[in-house]
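Undergrad: Mind having a look at this structure? Questions to follow.
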Amino acid sequence: MSLVLYNDLTRRKEPFVPVKEGHVGFYSCGPTVYDYFHIGNARPFIVFDVLRRYLEYIGYTVTFVQNFTDIEDKMIARANREGITVRQLADRFIEEYYRDADALGVRRATHNPLATEHMDEIIHLVSTLIEKGHAYEVDGDVFFNVGSFPKYGSLSKQSIEELQSGARIEVNERKHHPLDFALWKSKKEGEPSWPSPWGEGRPGWHIECSAMSMRYLGDTLDIHSGGTDLTFPHHENEIAQAEAATGKPFARYWIHNGYLLIDKEKMSKSLGNFLTARAALEKYPGRAIRFFMLSAHYRSPINFSEDSLLQAKSAMERLDNCWSDLRYAIDNRKKADGSGSPEILSAFTALEEKFRAAMDDDFNTAAAIGILFDGVKTVNTYLKENEPLDGKVLDAAVEFFRRLDSVMGILPAEEAREDGTEIEKLIAERNEARKKKDFRRSDEIRDELAARGIILEDTPDGTKWKKKT
RNA sequence: GGCGGCAUAGCCAAGUGGUAAGGCAGAGGACUGCAAAUCCUUUAUCCCCAGUUCGAAUCUGGGUGCCGCCUCCA
C-alpha cells in the first residue's frame, strides 16, 4: 500500500515516487497580497496543507514552499489608490494572510518567498531564456517565445493553435505570437522597478514561481499545486520557462484543487461574488471551515453555503464531544490499566490502516473523515459500555485521534484548561439544588451558565461542563 | 470551436464491476427531574435510454442538466 496521486500532467493516478528518496519538494502557488484572501482561495491553502501533513505523516521530510506575489498589476493599482507603497501594501496583507491562515489551521510553510526578494534569480532566469533563444526583448519588455517550446500546451492538453483559436487575448503587436507572454515588463510611470539588463522594470507574473521554486527546491520539484484555474496559462507558462531554461522536467506531479462555488458559480474576485475568509471566520469557527473543505475530495467542486457550513459545524461538534468525553474520562473516571482489551486496540489499528488507505488513494479526505467518525463511534460505545475503563484503551484512543488529527488538523487545540473554579462552584450549588429537587433553582443556574457559553452535561460520574463552540 | 469536470437518500458526501461509507437533518426507543451528550432502531437501487457482463452506481455508446478553462483569477 502506498501513495497514489492524480497527476494532471498525465491525467491519471500514479504511484508517488519523489526525486530524492524520503524527501518531498512541494511548491504551491500562494496569494497575491493585495487584499484579504477569499474563502475560495482558502481551499488550496487548507487542502494542500493537509497533503503536506499527510506526506509527513507517512514519513517524508517535506520542504513546502508557498510564495507571496508582492509585485503585480493589482498590487500597484491598490497601493496607488490607497496612497501607500506597494511594499507597505504587501507587508500589511502578508500579515493578514497569516492571521487568517492560522485561524484555518494552516501550518506555516517551510519558505514563503517574495518575488521582490528574488530579483536576481528572476533576472538570471530571463537572461538564460534569452540566451537559449526562448525569449526576446522588445524595447525593454521581454517575452517568452511560445513557438520555441514544442511542449507548450502539454499540461492543459491544448495545442498552440487550439489555444489561440479560442483566445480572447488583446492584440499586442510587439509580440511575435499572440500567446507569447511577458517575462519582464519595462517600467511605467509611477510603478516600482528594478534594474535589469533590459532597463528598469519588473517581472511578469509567471516567472517568479519558476524562479523561486527552483531556487528552493531544485530544477525538478516533486509536487506543484494550485487551483485548477491556474492550469492555463500560469502553470503552462511556468513549465515553459523552467524547462526551456534547464532542459529538465520541472515538476513530476501537478495537482490542482477544484473550485469553491457559491450559488453554484465559481467564487472569484473578478465576479465579485466572494466572501473573504476573514468574514467567514467571523461567522463560523475556523475548524468548521476546515472541516467543510475536507469533507469533499480536493478535486471536486464544492458549494459554499450557510447550510453546508452549519452541517460541517454540527459534524465537527460530534467529534469535539467525543474528544472531550475522552479527556474527561481520563481525568475523572475510574480507570484501571487492564489487558488493554485487545479487540478494541486492534479496532483502532484497523481504522488507522483504513485511514491510510483512504489518504493513499489520492488524498481522499472525505473517506478519511468517515473513518474518523468510525473512531468516534468506537470510543463513544466503549465509554458507555465499559466500567471500569481501561487506561490502556483510553490512551490508545487518544493516540488514535492525535495521529489522524496530525493530518486533518480539525480537533480543538490543546488549550490550557481555563480556571473553572467559579463554574465548579455554581455546578456544586446546582447539584445541591437538584438533590433537594429544587429544579427551578438548578435550571436557573444552568441557564445562567448557558448565557455565558457554558454547556452542562449530567453524567453518572458527575456534571461536566464545556464551552460552546 | 477546442479541452475538462460534475449528476449517489430531505441536505452534504465517499464508493469506479459483485447487491450502496460517513456526516447533517427527521422519526421511534433507552438514559435524564427536565435537558444536553451518548447508544439502539429507522430513511437510497445511484439523472435518462441502449449496450457489454453471470453480475454495473461503477465499463461502452447516445441523451439531458449543471459547472469550469481557453483573459487577471485558488
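The values are calculated or read from the model by the stated rules, or taken from the named source; none is laboratory data. Just so it is clear, the model here is predicted, and its values are computed rather than measured. Neighbour counts are summed over all protein chains in view; Cβ atoms, including those assigned to glycine, are modelled from backbone coordinates with ideal geometry.
Undergrad: Please work out which residue is nearest to RNA strand B (Cβ to nearest atom), limiting yourself to segment A:383-395 and to residues that are in a helix (DSSP H, G or I) and surrounded by fewer than 20 Cβ atoms within 10 Å (Cβ to Cβ).
TA: Looking at the filtered set, the residue picked out is A:K384.
Undergrad: Any chance segment A:360-375 includes a residue that's within 9 Å of RNA strand B (Cβ to nearest atom), farther than 20 Å from A:A329 by Cα, among the charged types (D, E, K, R) and assigned to a strand (DSSP E or B)?
TA: Yes, segment A:360-375 contains a residue that is within 9 Å of RNA strand B (Cβ to nearest atom), farther than 20 Å from A:A329 by Cα, among the charged types (D, E, K, R) and assigned to a strand (DSSP E or B).
Undergrad: May I pose another question? Suppose the filter is in contact with a Lys or Arg (Cβ under 7 Å, 6 or more places away or on another chain) and either without any contact (Cβ under 8 Å) to a residue 24 or more places away in the chain or not small (G, A, S) (or both); does A:Y328 pass it?
TA: Taking the combined requirement at face value, the residue satisfies it.
Undergrad: Determine, yes or no, whether A:V106 is in contact with an Asp or Glu (Cβ under 7 Å, 6 or more places away or on another chain) and modelled with pLDDT under 95.
TA: no
Undergrad: Tell me which residues, restricted to segment A:94-142, are closer than 30 Å to A:R287 by Cβ and not in a loop (DSSP other than H, G, I, E, B).
TA: Of everything in segment A:94-142, those that are closer than 30 Å to A:R287 by Cβ and not in a loop (DSSP other than H, G, I, E, B) turn out to be A:I94, A:E95, A:E96, A:Y97, A:Y98, A:R99, A:D100, A:A101, A:D102, A:A103, A:H111, A:L114.
Undergrad: Something else: Kindly provide the set of residues from segment A:57-92 that are within 19 Å of A:D405 (Cα to Cα) and touching a residue at least 60 places away in the same chain (Cβ under 8 Å), ordered by number.
TA: Listed by number, the residues that qualify are A:Y57, A:I58.
Undergrad: Being in a helix (DSSP H, G or I), under 18 Å from A:A288 (Cα atoms) and within 13 Å of RNA strand B (Cβ to nearest atom), is that true of even one residue in segment A:454-468?
TA: The answer is no, given that none of the residues of segment A:454-468 is in a helix (DSSP H, G or I), under 18 Å from A:A288 (Cα atoms) and within 13 Å of RNA strand B (Cβ to nearest atom).
Undergrad: Check every one of the strands (runs of 3 or more DSSP E) wholly within segment A:209-285 and list those with 1 or more residues that are away from RNA strand B (no atom under 11 Å from the Cβ) and touching a residue at least 24 places away in the same chain (Cβ under 8 Å).
TA: A:221-227, A:251-257
Undergrad: Hey, another quick one. Pairs needed: first member in segment A:155-180, at pLDDT 70 or above; second member anywhere, of a type in the set (S, T, Y) and within 8 Å of RNA strand B (Cβ to nearest atom); C-beta distance under 9 Å; at least 6 residues apart or different chains.
TA: Listed by first residue and then by second, the contacts come to A:L155/A:T231; A:S156/A:T231; A:L163/A:S156.
Undergrad: If I go through segment A:1-23 residue by residue, how many of them are assigned to a strand (DSSP E or B) and in contact with a Lys or Arg (Cβ under 8 Å, 6 or more places away or on another chain)?
TA: Count: 4.
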